[in-house]
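See structure below.
The values are calculated or read from the model by the stated rules, or taken from the named source; none is laboratory data. Keep in mind that this is a model prediction, so the values were computed, not measured. In this analysis, Cβ positions are derived from the backbone assuming ideal geometry, glycine residues included, and neighbour counts consider all displayed protein chains. For accessibility, only protein heavy atoms count, side chains too; no ligands or nucleic acids. Shrake-Rupley method; radii C 1.70, N 1.55, O 1.52, S 1.80 Å.
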Amino acid sequence: AAKAHGRGMHAVYRPEMSEALSQRSQLHERLKRAVETQALELHYQPQVDVSTGSIVGMEALLRWHDAELGTVAPDRFIPVAVSTGLIHPLGDWVLETACRQAAEWDDNGTPMRVSVNLSAQQFRQAQLPTRLQQLLDLHGTRAELIELEITETEAMADPKTAHQVFDRLCALGFSIALDDFGTGYSSLSYLRQLPVSRLKIDREFIRQVTHNDHDAVLVRAVIAMAHTLGLPVVAEGVEEAAQLAFLRSNGCESYQGWLFAKALPAADISRMLGGPTRPSALEQRYFA
Ligand code: C2E
Ligand code: MG
Ligand code: MG
Ligand code: MG
């Protein structure tokens, strides 16, 4: 039978491939269950104003702990969700949870902008704007409290659609950030036409920014380009005080990173927001 299918069949088969395949299908099965039973969690990472040290927003980040697989990182399970279509129910759950949470913080007198990551597949769904409006109505969420993040690379893969969808989302009052900026190939002239509110510099460029001249040049160039367009910049993955100092001296508006806080459960963030108004030890140290 193998012969009938041609010699190519033998050439492609390798045991480690079927292993990878079955791992992937196990991941898919577990993820499907987790989505159905709402076993995923949405955590929130503070975004901080570089010059004042105050919290200006939160990025919503998915967290999954599975009984059998342990903790699985989004970089592992999001691609599986995308390739199996699970991204649609999963992404919808994320959007609804984030809208509900933003409304809750707003109602508690501690309004916070919440940034939500969108994959290209969600983004290309014609009903996305309608669904988002529905979620706002359902939870009493103000659109200006929701920012939608789409990676530069995914936006550039289909610039025409990106432009159209951004326009529709903007008209509803949402703001849009280009995520992982610096890894794609946007031109200044294209960016100028897009109704984007912020650029987020990819963590990869921040990691070595105080040690690697190329990264320092790139980060400065992204900040300069953003400012030419009148856009503020958010830096991701700030772990060290020296990185923050670099960003401050180069005019970057805000940052997120472990230096300030990792992504935390909503209850911890609520305590942080509703807590005492005096600055935390961290803020005192860096912003005195
Ligand atoms: P992203 O949107 O670029 O998110 C930033 C990533 O950097 C997050 O990784 C965050 O935890 C991590 N990070 C933040 N500060 C630091 C730091 O100081 N040091 C280090 N080492 N890492 C830091 P995470 O949570 O693992 O998410 C990875 C990616 O998975 C995200 O990248 C995003 O593309 C995707 N993702 C996460 N949640 C969602 C979601 O709800 N929907 C979709 N479509 N994608 C998501
Ligand atoms: Mg993001
Ligand atoms: Mg990012
Ligand atoms: Mg990223």
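Things to note:
- Within region 73-84, the set of residues being in contact (Cβ under 8 Å) with a residue 24 or more places away in the chain, near ligand 1 (Cβ under 10 Å from one of its atoms) and either polar (S, T, N, Q) or open to solvent by less than 60 Å² (accessible area, probe 1.4 Å) (or both) comprises F77, I78, A81, V82.
- The residues listed here are R113, R63; of these, the one that is within 16 Å of ligand 2 (Cβ to nearest atom), surrounded by fewer than 17 Cβ atoms within 10 Å (Cβ to Cβ) and modelled with pLDDT of 95 or more is R63.
- Of residues in region 174-206 being part of a helix (DSSP H, G or I) and within 16 Å of ligand 4 (Cβ to nearest atom), the one most open to solvent (accessible area, probe 1.4 Å): R203
- Test result for P89, within 16 Å of ligand 2 (Cβ to nearest atom), open to solvent by 10 Å² or more (accessible area, probe 1.4 Å) and either in contact (Cβ under 8 Å) with a residue 12 or more places away in the chain or farther than 28 Å from P111 by Cβ (or both): no
- Of all residues in region 183-198, those that are touching an Asp or Glu at 6+ places or on another chain (Cβ under 8 Å) and within 16 Å of ligand 2 (Cβ to nearest atom) total 4.
- Of all residues making up region 194-232, the number that are among the small types (G, A, S) and over 21 Å from the mean Cα position of the chain (by Cα): 4
- Lone unmet requirement of (1) within 20 Å of the chain's Cα centre (by Cα); (2) closer than 23 Å to R33 by Cβ for T84: (1)
- If you filter region 140-155 down to residues that are in a helix (DSSP H, G or I) and more than 14 Å from ligand 2 (Cβ to nearest atom), you find that the one that is surrounded by the most Cβ atoms within 10 Å (Cβ to Cβ) is L145.
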